[in-house]
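Structure record follows, encoded as structure tokens.
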Amino acid sequence: MAATEDESGRDLALFDFDGTLTTRETFPDFMRYAVARPRLIVGGVLLAPVVFGYRRGWLAGNPTRASIVQVGLRGVDAARLRAQGDAFARDVLPGVLRPDAMARLAWHRDRGDRIVVVSGGLDVYLAPWCAAQGVDLLCSVLAERDGRITGYAGAQCVGEEKVRRVRALCDPQAYAAIHAYGDTHEDQAMLAMAHHRTYRGQVVA
């Protein structure tokens, strides 16, 4: 949906989710929450070299997450997974939110700014959380076929993909100012497009 003339005078606030609005990464939390224990144990063994390579900096985040989703979620019942995502958003996410970051989100809401969560996290739990908050969402999406999860649908929403998604959603130039909040290198491209940048809770030039 493109921005309209009604956006003139409003600001645009772009929030990363994991580590920015939360105290930790929620993708691993959701995998432990949603994946059946036997599959979780087997997957832990199969993915050990991948996780080791990621932690040592030998493997990038995108292929690491793609491998985890394939091993953990491929073939699972999509309706059941989305129900688990609803429950995770309701019961787990409130306990890992950063009070200061949520206060900042509320500040933007009170000002009437347009708020968009732009995250590499999964739609199954971010969509219900953002809907409850009344904010827009751009994130990584899971694909399904015949009611079963098949993996990621398209590109993961990280790095330059965050900027592409924002520009597809709206015209950034239609807003009076852009605020961006992030905490990792995967947020740098989004931060670069903003007039006001906050990285790991600190305002940066």
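The values are calculated or read from the model by the stated rules, or taken from the named source; none is laboratory data. What you see is a predicted model; the values in this text were computed from it and never measured. So basically every Cβ, Gly included, is an ideal-geometry build from the backbone, and we count neighbours across all protein chains shown. The accessibility values were calculated without ligands, DNA or RNA, using every heavy atom of the protein model including side chains. Shrake-Rupley method; radii C 1.70, N 1.55, O 1.52, S 1.80 Å.
Pairing each residue of segment 92-105 that is in a helix (DSSP H, G or I) with any residue that is among the polar types (S, T, N, Q) and at pLDDT 95 or above, provided the two are 6+ apart or on different chains, yields C-beta distances under 7 Å for 93/26; 96/22; 96/23; 96/26; 101/20.
Quick check: anything in segment 152-162 over 21 Å from residue 61 (Cα atoms), assigned to a helix (DSSP H, G or I) and open to solvent by less than 20 Å² (accessible area, probe 1.4 Å)? No, because not a single residue in segment 152-162 is over 21 Å from residue 61 (Cα atoms), assigned to a helix (DSSP H, G or I) and open to solvent by less than 20 Å² (accessible area, probe 1.4 Å). Remark: pairs (first residue in segment 144-172, touching a residue at least 12 places away in the same chain (Cβ under 8 Å) and farther than 16 Å from residue 116 by Cα; second residue open to solvent by 40 Å² or more (accessible area, probe 1.4 Å) and among the aliphatic types (A, V, I, L, M); Cβ separation under 6 Å; 6+ apart in sequence or on different chains) = 153/141.
Please verify whether residue 149 is farther than 24 Å from residue 189 by Cβ and of a type outside the set (D, E, K, R), treating the condition exactly as stated. Here the answer is yes, as residue 149 does meet what is asked. In segment 11-32, of all residues being crowded, with 24+ Cβ neighbours inside 10 Å and more than 13 Å from the chain's Cα centre (by Cα), the one that is farthest from residue 73 (Cα to Cα) corresponds to 12.
Within segment 175-192, being open to solvent by less than 30 Å² (accessible area, probe 1.4 Å) and either out of contact with any Gly (no Cβ under 8 Å at 6 or more places or on another chain) or of a type in the set (Val, Ile, Thr) (or both) holds for 175, 177, 178, 179, 180, 181, 182, 187. Give the residues of segment 66-88 that are of a type in the set (A, V, I, L, M, F, W, C) and either over 14 Å from residue 30 (Cα atoms) or open to solvent by 10 Å² or more (accessible area, probe 1.4 Å) (or both), sorted by residue number. Matches in segment 66-88: 66, 68, 71, 76, 78, 79, 83, 87. You will find that of 146, 100, 123, 113, the residue that is open to solvent by 10 Å² or more (accessible area, probe 1.4 Å), within 12 Å of the chain's Cα centre (by Cα), at pLDDT 95 or above and not polar (S, T, N, Q) is 123 and no other.
Checked against the criterion of being farther than 30 Å from residue 176 by Cβ, of a type outside the set (Val, Ile, Thr), within 15 Å of the chain's Cα centre (by Cα) and assigned to a helix (DSSP H, G or I), segment 57-64 has at least one qualifying residue.
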